[in-house]
């Protein structure tokens, strides 16, 4: 019985460890973006960029899956080729941003 509990605990810990790291952003990519407004092909998966000033930022090819961009300023940003699946853009400014398909947002 004790062995079963131990194996269950190990399994839960392993699942938690692998699931959290597989879906997490790279802090170095977030830091670079906020400092330079450049993050080419970066991993920003589930990053919290709420209210960030990213006007004119180059995010070409970056993974923004599930990222929180609520109230962020992305005016004129380059999002060409970026993964925006599940990203939160509520209240975000996207005027003149280049969208993943290469079109300009109005």
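FYI, it's all coordinate maths here, none of it is from the lab. Since the model is a prediction, treat every value here as computed from it, not as a measurement. Please note: Cβ atoms are built from the backbone with ideal geometry, for glycine as well, and neighbour counts cover all protein chains shown.
Checking the structure you have, find out if any residue of region 73-92 is part of a loop (DSSP other than H, G, I, E, B), without any contact (Cβ under 8 Å) to a residue 60 or more places away in the chain, crowded, with 17+ Cβ neighbours inside 10 Å and at positive phi.
yes
Working only within region 21-57, note down all residues that are surrounded by fewer than 16 Cβ atoms within 10 Å (Cβ to Cβ) and assigned to a loop (DSSP other than H, G, I, E, B).
Scanning region 21-57 gives 23, 24, 26, 40, 41, 50, 51, 56.
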